[in-house]
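Structure below; questions to follow.
The values are calculated or read from the model by the stated rules, or taken from the named source; none is laboratory data. This is a predicted model, so every value here is computed, not measured. Heads up, the Cβs are rebuilt from the backbone with ideal geometry, glycines too, and the neighbour counts pull from every protein chain shown. Ligands, DNA and RNA are excluded from the accessible area calculation, which covers all protein heavy atoms including side chains. Shrake-Rupley method; radii C 1.70, N 1.55, O 1.52, S 1.80 Å.
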Amino acid sequence: MLPIATYGEAVLRQVAAPVTVFDSELHQLAEQMLHTMQQANGVGIAAPQVHRSLQLFIMASNPNPRYPTAPIMAPQVVINPQILQASEQMVAGEEGCLSIPQQRCQVMRHQAIEVKYQDLSGEWCQEWLEGFIARIFQHEFDHLQGITLKERATEA
Ligand SMILES: [Zn+2]
């Protein structure tokens, strides 16, 4: 399990660098991130959270003790992501973050987004995401811009 950066650490405030080399080292990093995320009962983890300032995150929604009602999806490695379009409709929802333990915040997110990203082999994928999966993507995407849910949280 990799050490997780916590709120206040500089790596969480940096804009992450694009991934340019899709080698075995990148595969290994993704595997270690997936393992770390699963051990911590997360539904997503971004490279800056494990002290690597790279445009890489994993989304892997699954019901777990932290998110009992999360939908089930196979883990997806997301590299050099872009948000192409976003629905005007925004939805409020409670979010946690592995870097901000024991805290939940209400955050407004787009209900649906069209995204583009590379997978571990460098292939581009383009798709629409909605609901909880779109929420995870927006949360992790923020980490790559140096933004955490603390900056996104709406005042209760
Ligand atoms: Zn987070």
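From the helices alone, meaning DSSP H stretches of at least four residues, give me the mean residue ellipticity at 222 nm for the chain, per-run term -39500 (n - 2.57), in deg cm²/dmol to the nearest 500.
Values: 3 runs with 34 residues, N = 156.
Only helices count here, giving -6500 deg cm²/dmol.
Leaving ligands, DNA and RNA out of it, report the carbon-plus-sulfur percent of the accessible area of the chain at a 1.4 Å probe. Working shown, then result.
Values: 3910 of 7800 Å².
Here it works out to 50 percent.
Write down the accessible area per residue of the chain in Å², having rolled a 1.4 Å probe over the full set of protein chains. If you can, show how the numbers build up before the last one.
Values: 7800 Å² over 156 residues.
Accessible area per residue, the chain: 50 Å².
Of the DSSP beta bridges with both residues in the chain, give the percent that are antiparallel, rounding to the nearest 5.
Numbers: 27 of 28 bridges.
For the chain, the DSSP antiparallel bridge percentage is about 95.
Please report, in debye to the nearest 20, how large the charge dipole of segment 10-152 is about its Cα centre when each Lys and Arg carries +1 at its beta carbon and each Asp and Glu carries -1 there.
On the way: 9 positive and 14 negative charges, 103 e Å.
The calculated dipole for segment 10-152 is roughly 500 debye.
Okay, moving on. Do any GluC sites (Glu not before Pro) in segment 1-83 lie in a loop, going by DSSP, with at most 16 other beta-carbon atoms within 10 Å of their beta carbon, and if so which? It would help to have the intermediate numbers written out before the result.
Values: sites: Glu9, Glu25, Glu31; in loops: Glu9.
Those that pass, being in a loop and sparsely packed, are Glu9.
How high is the relative contact order of the chain, in percent, with contacts defined as C-alpha pairs under 8 Å that are six or more residues apart? Walk me through the numbers on the way to the answer.
On the way: 316 pairs, mean separation 39.1, N = 156.
Across the chain, relative contact order equals 25 percent.
How much net charge surrounds Ile113 when only the other residues with a Cβ under 13 Å from the Cβ of Ile113 are counted, with Lys and Arg +1 and Asp and Glu -1?
Values: positive: Arg109, Lys116, Arg135; negative: Glu88, Glu114, Glu127, Glu130, Glu140, Asp142.
In short, -3.
Here's something else I'd like to know. Within segment 105-126, list the residues whose amide N lies under 11 Å from a label point set 7 Å along Cα→Cβ of Asn41.
Counting backbone N atoms under 11 Å from the label point, the list is empty.
Just by accessible area at a 1.4 angstrom probe, what is the order of Ser87, Ser24, Ser61 from largest to smallest? Present the calculation step by step, with values, prior to reporting the outcome.
Working: Ser87 25, Ser24 95, Ser61 0 Å².
Of Ser87, Ser24, Ser61, the descending order of accessible area is Ser24, Ser87, Ser61.
What are the GluC sites (Glu not before Pro) within segment 108-138 that DSSP puts in a loop, where the Cβ has at most 14 other Cβ atoms within 10 Å? Numbers along the way, then the final one.
On the way: sites: Glu114, Glu123, Glu127, Glu130; in loops: Glu123.
Sites meeting the loop and neighbour criteria: Glu123.
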